[in-house]
Amino acid sequence: MIGRQERWQEDLFVAGPLRELIPDDHILKRAQKVLDLSWLRDEVRESYCEENGRPSIDPESAVRLMLAGFFEGIVHDRKLMRQAQVNLAIRWFAGYRLHEALPEHSSLTRIRQRWGPERFKRIFQKTVQACVKAGLVDAETVHVDATLIRADVSWESLVEVHAEKVLTENPEEPDDSPDKGAKPSKPKKRSTTDPDATMTTNRNDQRLEPSYKQHTAVDDKSGIVVDVEVTTGDQNEGQQLLGQLERVEEVTGKAVRCATADGSYAHAANYAALEERGTEAVIPPREARLGKWLPLVRFKYDARHDVVRCPAGRKLGRASRAGNGWWYRASVKDCRRCALRARCFSAKLAARVVRIVDGYPALLRARRKRLRWDDATYEKYVRHRWRVEGVHGIEKTQHGLRRAARRGLWNVRIQSFLTAAVMNLKRLAAPLLALFFRCIGRRTRVEVIAPCRDEFSRGRIDSGAPLRRAA
């Protein structure tokens, strides 16, 4: 018999609470069990006037609306509020009844401007601390990587920036340095609509695009994002490593024992700093550059006496400081009568000059250690590839981080913090979902895992029937 559904009868009343109309395995219903924003009102109180003005949107409701949008991959406020008008789950998650009017989309913009990125960073850090309390973070191994976020600008907005002032302010190299006579860099392009975005790319065979760069640190145990920061696209990610590890230890309260990263972080200063702080560095060092002339690896550096010796055994003395290292120059008299002169440097120079960067001995030790990596070390680096790069992939494909939703560095930072908070809330709610299906599937003895013990004991996990812990 063919059934019939009456479609034109509108219900005047809804029998039952709104939460009963939302599936128990819905992502917002799971996030509700682990999200705690009771501290937020006191955190943002100083941004509001207590005596004058209209009552504002409840801070917790505003953040819940933003988080609900990122859960659904909706990053634009106008589209989010249109979806919230018909989406029961978003209304329930934000605390709005069916008959209550939702705020205007521009209200969320003003809230971001009033609060600033640091308060949204605090929201992200609270999710990290909740994951630490649930036992999902141990900080034994932390994977660090960076990814590009395409700026929200058009190609027509790009103009060339003449860099004469920048070139004149750069420190000059010594007259006999190997970089003398290098071609000047071409003027870079910059967007007029979003000056904070810079032209960059992550591959040499791809064109430059106006982008921002997100620096991410992910804990190895459960894939929790423990630190995230956004800079302009031309920032070197290797310079962010030490600051990221310090922030991870500050927010988690645990010491990082091992840090993994790719070759972009293989700086001599990073190896030296990680050795000093007692952190194992699983970072493949770059191979020594081999060119027409004798490479730097043929020169022996004595860090104790601060002396460099050439392949012929002659000493090179310290000449001048350049950036993050020192130039060492050989004697003109020694180089004039050296049998290796034709292979060592150009005939236009009077003597050989080499540059020793800060932490060079640590770089040499890292290269020797790389040749002796065991299976456990290789496994850590393999896990780095799919742990942190997998997080970036999910953020871009499911939560809208492939392209910036708004313009300005502070706006992209807020987007990055909220996206990372959503990633952590999903991980934190995953054990609750596993326990839920285990309970409704077996209806027998229940084994309560650590992250869910408190939720289970308070009866906040609803499986449609009373649950009891086995004796």
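Residues that are in contact with a strand residue (DSSP E or B) (Cβ under 6 Å, 6 or more places away or on another chain), crowded, with 18+ Cβ neighbours inside 10 Å and among the aliphatic types (A, V, I, L, M): does the range 227-237 have at least one?
Scanning the range 227-237 turns up at least one residue that is in contact with a strand residue (DSSP E or B) (Cβ under 6 Å, 6 or more places away or on another chain), crowded, with 18+ Cβ neighbours inside 10 Å and among the aliphatic types (A, V, I, L, M).
Considering only residues that are out of contact with any Gly (no Cβ under 8 Å at 6 or more places or on another chain) and surrounded by 10 or more Cβ atoms within 10 Å (Cβ to Cβ), look in the range 43-61 and name the one that is nearest to Pro103 (Cα to Cα).
Only one residue tops the list, namely Ile57.
Of these, Ser346, Ser320, Ser264, which one is under 30 Å from Val144 (Cβ atoms) and in contact (Cβ under 8 Å) with a residue 12 or more places away in the chain?
On the way: Ser346 fails: under 30 Å from Val144 (Cβ atoms); Ser320 fails: under 30 Å from Val144 (Cβ atoms).
Being under 30 Å from Val144 (Cβ atoms) and in contact (Cβ under 8 Å) with a residue 12 or more places away in the chain holds for just one of Ser346, Ser320, Ser264, which is Ser264.
Please indicate, with yes or no, whether at least one residue in the range 373-384 is within 17 Å of the chain's Cα centre (by Cα) and more than 17 Å from Thr260 (Cβ to Cβ). First the steps, then the outcome.
The initial filter retains those residues of the range 373-384 that are within 17 Å of the chain's Cα centre (by Cα), namely 383-384.
Filter again for more than 17 Å from Thr260 (Cβ to Cβ), leaving none.
Within the range 373-384 (the criterion being within 17 Å of the chain's Cα centre (by Cα) and more than 17 Å from Thr260 (Cβ to Cβ)), the answer is no, since none of the residues qualifies.
Any idea which residue in the range 84-111 is surrounded by the fewest Cβ atoms within 10 Å (Cβ to Cβ), counting only those that are outside any loop (DSSP other than H, G, I, E, B) and free of Cβ contacts under 8 Å to residues at least 12 places away in the same chain?
Taking the range 84-111 as the starting set, the residues that turn out to be outside any loop (DSSP other than H, G, I, E, B) are 84-86, 88-94, 105-111.
Now narrow it down to the ones that are free of Cβ contacts under 8 Å to residues at least 12 places away in the same chain: 86, 110.
Numbers: Val86: 8, Arg110: 13.
Taking the candidates together, the pick is Val86.
When you check Ala366 against the structure, is it of a type in the set (Gly, Ala, Ser) and in a helix (DSSP H, G or I), yes or no? It would help to see each step written out before you state the result.
Details: of a type in the set (Gly, Ala, Ser): yes; in a helix (DSSP H, G or I): yes.
Spelling it out, Ala366 is indeed of a type in the set (Gly, Ala, Ser) and in a helix (DSSP H, G or I).
Among the listed residues Arg122, Arg64, Arg114, which satisfies the condition of being modelled with pLDDT of 95 or more, in a helix (DSSP H, G or I) and surrounded by fewer than 19 Cβ atoms within 10 Å (Cβ to Cβ)? I'd like the intermediate steps shown before the answer.
Working: Arg64 fails: surrounded by fewer than 19 Cβ atoms within 10 Å (Cβ to Cβ); Arg114 fails: modelled with pLDDT of 95 or more.
Unique residue meeting the criteria: Arg122.
Within the range 351-387, which residues are small (Gly, Ala, Ser) and surrounded by 16 or more Cβ atoms within 10 Å (Cβ to Cβ)?
Taking the range 351-387 first, the residues small (Gly, Ala, Ser) are 351, 359, 362, 366, 376.
Across the range 351-387, the qualifying residues are Ala351, Gly359, Ala362, Ala366.
Could you say which residue among Val128, Val137 is in contact with a strand residue (DSSP E or B) (Cβ under 6 Å, 6 or more places away or on another chain), part of a loop (DSSP other than H, G, I, E, B), of a type in the set (A, V, I, L, M, F, W, C) and not assigned by TED's automatic domain parsing to the domain that holds Leu18? Break it down stepwise before answering.
Working: Val128 fails: part of a loop (DSSP other than H, G, I, E, B).
Only one candidate passes the filter, namely Val137.
Among the residues of the range 264-295, count how many are part of a helix (DSSP H, G or I) and within 15 Å of Ala362 (Cα to Cα). Before the answer, list the steps.
Start the filter on the range 264-295 by keeping residues that are part of a helix (DSSP H, G or I), which leaves 264-265, 268-277.
Cutting the leftovers down to within 15 Å of Ala362 (Cα to Cα) gives us 265, 268-277.
The total comes to 11.
Scan the range 328-346 for residues that are farther than 18 Å from Lys300 by Cα and part of a helix (DSSP H, G or I) and report the count.
4
The values are calculated or read from the model by the stated rules, or taken from the named source; none is laboratory data. Since the model is a prediction, treat every value here as computed from it, not as a measurement. Cβ sites come from the backbone with ideal geometry, for glycine too, and all protein chains shown count toward neighbours.
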